[in-house]
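The values are calculated or read from the model by the stated rules, or taken from the named source; none is laboratory data. The shown structure was predicted, so the numbers you read here are calculated from the model rather than taken from an experiment. Because the Cβ atoms are built from the backbone with ideal geometry, glycine has one as well, and the counts that use them run over all protein chains shown. To get the accessible areas, we keep the full protein, side chains included, count just its heavy atoms, and leave off ligands, DNA and RNA. Shrake-Rupley method; radii C 1.70, N 1.55, O 1.52, S 1.80 Å.
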Amino acid sequence: MKDSNFRNGDAKTAIFGSEVMLTPSPVDKIPDGPTTPEIAYQMVKDETFAQTQPRLNLATFVTTYMDEYATKLMNEAININYIDETEYPRIAVMNAKCINIMASLWNSPEQEKWKTGALAIGSSEACMLGGVAAWLRWRKKRQAQGKPTDKPNFVISTGFQVVWEKFAQLWQIEMREVPLTLDKTTLDPEEALKMCDENTICIVPIQGVTWTGLNDDVEALDKALDAYNAKTGYDIPIHVDAASGGFILPFLSPETKWDFRLKWVLSISTSGHKFGLVYPGLGWVVWKDKKYLPEEMAFSVNYLGANITQVGLNFSRPAAQILGQYYQFIRLGFEGYKQIQYNSMEITKYIHQEIGKMAPFVNYSNEVVNPLFIWYMKPDYAKNAKWTLYDLQDKLQQSGWMVPAYTLPKKLDNYVVMRVVVRQGFSRDMADMLLGDIKNAVEALEKLEYPTPTRIAQDKNVPVKGKVFTHTAMSNAKK
Ligand SMILES: *Cc1c(COP(=O)(O)O)cnc(C)c1O
């Protein structure tokens with residue numbers, strides 16, 4: 001075989017005629033020798049063949065569409081390490097400009113030319129940085145007072161995203177959870193304050209709760225906290241986890257006060273790769289003023305008269321996302337972002353309304369405040385149904401849609417819900433296709449003569465949570 005190729009000089013074994021395509025891909029050990037780039041490419045490509053079309057994946061919050069020029073810019077910057085500031089000083093400046101823009105969208109009062117913030121790999125890192133800063137500030141103050149610093153805690157609703165559990169465990173800071181209930185669908189300020197004490201480093205309201213799409217009322221929390229701090233002499237601050245809302249509220253609800261206009265909001269984090277409209281991974285965290293960023297967390301680089309503050313858990317990191325974010329700011333401007341977020345919201349409201357009309361379903365909330373919402377099965381309908389939302393999830397997957405079903409957090413965990421996140425790239429036409437597929441799936445499920453396994457599990461009160469497919473849906477929900 002080798003000889004005939006060799007003799008022909010220009011002949012080359014076709015990719016799928018090669019021996020490599022008859023061997024399993026390496027699992028434990030690096031292969032003995034090289035193969036051609038074409039074959040290596042094909043193998044990797046085939047193994048990562050998307051199981052769902054990214055744009056039919058209504059589970060994820062993360063950007064799956066950017067225009068051609070954004071994609072080109074980001075691809076061209078793929079070999080740039082952000083941390084090489086001396087080599088790419090302009091990128092550090094561009095990063096600082098993005099932070100300035102974020103700070104201004106969130107009404108930062110900071111007077112410095114360069115606002116205080118940091119680039120992150122996503123909201124997770126950004127939340128960690130906000131949380132660590134709050135902890136270090138609290139610790140410093142306690143140390144100055146000669147008080148113990150061994151039992152810090154923070155307060156958040158049970159609707160927290162998994163990063164806050166990581167933060168609690170990695171830094172050993174107690175997480176105090178305010179339960180969400182059907183009556184209290186968002187963080188209750190009074191309940192939150194009841195959990196506070198001298199060891200509370202911060203309260204974390206969420207804008208765009210991952211599980212429900214709702215917003216905690218930061219203004220009410222700030223007001224209640226102000227009175228509480230005055231009464232107790234504490235100065236417990238707020239970090240807003242605005243992973244989704246940070247890029248929705250400034251454009252669609254500029255009058256809502258949730259940001260630095262509020263007294264106790266000292267830091268805010270968001271995901272640039274969610275409604276910031278950039279491919280993963282990008283997050284931002286901004287502090288209200290330089291004085292709220294502990295010195296231990298920052299080191300300064302002076303370039304072109306700009307004092308750029310660097311903060312982060314990692315050292316090396318990709319720079320392409322900064323170019324992507326800055327491109328989006330220039331390309332879209334305020335109006336452009338507003339139009340895109342408006343369309344996503346309108347399409348969400350449309351699906352929400354149509355789902356609300358379907359006999360088996362009821363929406364979790366009447367209002368839609370972010371481009372996502374959840375619904376569940378009407379209890380009366382569920383009593384006689386031979387299927388569950390997990391079955392609907394499976395059926396929809398057959399038509400290419402990823403629409404996750406999952407159980408709500410503690411206290412509401414007997415509620416199986418389904419969620420749709422609408423992102424740029426999802427049109428009204430696609431919404432109609434989705435709704436059509438949901439109707440067809442429901443029709444088919446209603447014809448079932450025998451209950452499905454998940455339905456049987458439910459009747460036996462077996463926690464559906466333990467099931468493998470539920471786990472997938474849960475991790476989807478946590479994204
Ligand atoms: C998505 C999300 C996170 C985590 O963000 P990543 O960008 O995926 O790291 C944190 N908090 C909330 C509320 C989220 O929705």
When you check Leu180 against the structure, is it in contact with a Gly (Cβ under 6 Å, 6 or more places away or on another chain), more than 13 Å from the ligand (Cβ to nearest atom) and in contact (Cβ under 8 Å) with a residue 60 or more places away in the chain, yes or no?
yes
Within the range 168-181, can one find any residue that is over 28 Å from Pro250 (Cα atoms), part of a helix (DSSP H, G or I), over 20 Å from the mean Cα position of the chain (by Cα) and not aromatic (Phe, Trp, Tyr)?
no
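Rundown of residues vs (1) more than 25 Å from Val132 (Cβ to Cβ); (2) open to solvent by less than 50 Å² (accessible area, probe 1.4 Å), yes/no style:
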site: Trp164; (1), (2): no, yes
site: Phe167; (1), (2): no, yes
site: Leu170; (1), (2): no, no
site: Met175; (1), (2): no, yes
site: Glu190; (1), (2): yes, no
site: Lys194; (1), (2): yes, no
Would you call Asn79 assigned by the TED database to the domain that holds Trp211, assigned to a loop (DSSP other than H, G, I, E, B) and modelled with pLDDT of 95 or more?
no
Which of the residues that make up the range 125-141 are open to solvent by 10 Å² or more (accessible area, probe 1.4 Å), within 16 Å of the ligand (Cβ to nearest atom) and not acidic (Asp, Glu)?
Met128, Val132
Given (1) closer than 29 Å to Trp401 by Cα; (2) modelled with pLDDT of 90 or more, number of the condition Ile39 does not satisfy
(1)
So, in the range 34-74, of the ones that are open to solvent by less than 60 Å² (accessible area, probe 1.4 Å) and among the hydroxyl-bearing types (Ser, Thr, Tyr), which residue ends up farthest from the ligand (Cβ to nearest atom)?
Thr36
Of residues in the range 196-226 being more than 16 Å from the ligand (Cβ to nearest atom) and open to solvent by less than 10 Å² (accessible area, probe 1.4 Å), the one farthest from the chain's Cα centre (by Cα):
Leu225
I need a count of the residues in the range 106-124 that are in a helix (DSSP H, G or I) and crowded, with 23+ Cβ neighbours inside 10 Å.
1
